[in-house]
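The values are calculated or read from the model by the stated rules, or taken from the named source; none is laboratory data. All values derive from a computational prediction rather than experimental measurement. For neighbour counting, all protein chains shown are included, and Cβ atoms are generated from backbone atoms with ideal geometry for every residue, glycine included. The accessibility values were calculated without ligands, DNA or RNA, using every heavy atom of the protein model including side chains. Shrake-Rupley method; radii C 1.70, N 1.55, O 1.52, S 1.80 Å.
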Amino acid sequence: MTTSTPTTRTPAQVATCLDDYTIIDVRTPGEYASGHLPGAHNIPLDHLHAALPALKAVAARGTLLMVCASGNRSTTACTELAAADIPATTLAGGTTAWTGEGQPLHRPDSARAVWPMERQVRLAAGSLVVLGLAAGTRWRPARWLSAAIGTGLVFSAVTNTCGMAAALAKLPHNQPRPADLHATLRALEN
């Protein structure tokens with residue numbers, strides 16, 4: 001199996017023909033609810049495999065645009081889709097670049113806002129480092145917690161992966177309700 005670099009489009013390129021794409025936002029439901037590209041459908045990256053048949057049908061009708069916060073998860077999604085013979089494009093820089101160029105995000109009135117994954121990781125990592133240092137004043141081996149988190153952050157930067165984000169994505173507030181995912185898949189069939 002060969003993998004290729006996914007096709008990318010800049011926010012300016014996408015903005016000129018936004019209606020030509022079926023937009024799939026692969027962020028967590030909480031991140032999606034905090035603001036997404038107009039017309040985007042939410043299929044979190046860890047649920048993408050379940051959506052492959054629907055995405056294959058959608059790709060046969062037009063172009064899939066995969067979106068996340070920075071472009072990392074959407075690139076991963078494009079790679080997974082390519083392995084299933086489903087062509088897709090990624091938004092370079094994700095919603096961060098999109099809003100940075102002055103493009104609008106849709107924010108549903110009824111949606112609950114959840115911190116972006118990067119912010120959740122910073123809070124968890126920082127809290128664990130402080131906890132390890134504080135506990136280390138009473139019990140020296142607790143400082144190893146801080147060392148482990150620091151090592152994990154370096155590994156995350158070098159490999160462009162994040163185990164802590166993967167773990168946090170499994171928390172209930174970051175999970176789609178089954179009805180939401182099924183509704184998204186039904187909407188893609190139309």
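Residue check: residue 34 meets all listed conditions (1) modelled with pLDDT under 90; (2) within 16 Å of residue 166 (Cα to Cα) but one, namely (2). Does residue 97 satisfy the criteria of being within 21 Å of residue 162 (Cα to Cα) and surrounded by 20 or more Cβ atoms within 10 Å (Cβ to Cβ)? For residue 97, the condition - within 21 Å of residue 162 (Cα to Cα) and surrounded by 20 or more Cβ atoms within 10 Å (Cβ to Cβ) - is not met. When residue 89 is tested against (1) farther than 21 Å from residue 103 by Cα; (2) open to solvent by 10 Å² or more (accessible area, probe 1.4 Å); (3) among the β-branched types (Val, Ile, Thr), just one condition goes unmet, and that condition is (1).
Scanning the range 50-79 for residues that are among the β-branched types (Val, Ile, Thr), open to solvent by 10 Å² or more (accessible area, probe 1.4 Å) and in contact with a helix residue (DSSP H, G or I) (Cβ under 7 Å, 6 or more places away or on another chain) yields 63, 76.
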